[in-house]
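Shown next, in structure tokens, is the structure this report addresses.
Every read-out reported here was derived from the displayed coordinates using simple, explicitly stated rules and does not represent laboratory data. As the structure is a computational prediction, the values presented were derived from the model and not from experiment. Here the Cβ is made from the backbone with ideal geometry for all residues, glycine too, and neighbour counts use every protein chain on show.
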Amino acid sequence: MDNLHSIVDAQNNVIEDELSLSQAEQRLSYYVSHGEDYYITDYEPAEVFSQVTNAVRADWAHAAVQSHTEAAGIEEEPPYAQLNDLLCNLGHWAKSQGIDYAAAFKSALLLYEIECAEDE
């Protein structure tokens with residue numbers, strides 16, 4: 001029997017699941033033709049997330065800060081200033097996308113607290 005597949009976004013949110021590979025490829029083609037950035041996986045998202053630790057999340061964040069720091073030319077600034085500049089610029093980006101930055105930041109803090117509880 002063919003393994004079942006899911007279509008997920010970059011954050012591993014399931015868009016569609018329980019698809020054959022052929023069905024998943026057809027649906028992915030549709031989404032990509034409409035500008036979506038999705039991919040096919042045969043892993044259950046819960047399995048993927050169970051392997052993600054806060055250390056891994058910190059590595060992802062480090063890559064984001066490093067990329068922004070280099071793009072902004074602030075490599076000589078201390079880490080606190082680099083983070084502060086990135087957070088400020090994320091606010092500008094959110095505004096340009098019509099996103100309520102304060103609400104998104106509040107939601108992110110709640111998620112951060114939940115993820116930190118995993119370490120306890």
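Taking the Cα centre as origin and putting +1 on Lys and Arg beta-carbons and -1 on Asp and Glu beta-carbons, what dipole magnitude results for region 5-120, to the nearest 20 debye?
That gives region 5-120 a dipole magnitude of about 440 debye.
Over the alpha carbons of region 54-117, what is the largest minus smallest coordinate on each principal axis, giving the biggest first in Å?
32, 31, 15
Per DSSP H run of at least 4 residues, take -39500 (n - 2.57); add these up for the chain, divide by its residues and hand me the 222 nm value, nearest 500 deg cm²/dmol.
Only helices count here, giving -20000 deg cm²/dmol.
Please report the Cα spread of the chain along all three principal axes, rounded to whole Å, starting with the longest.
That works out to 55, 38, 27 Å along the principal axes.
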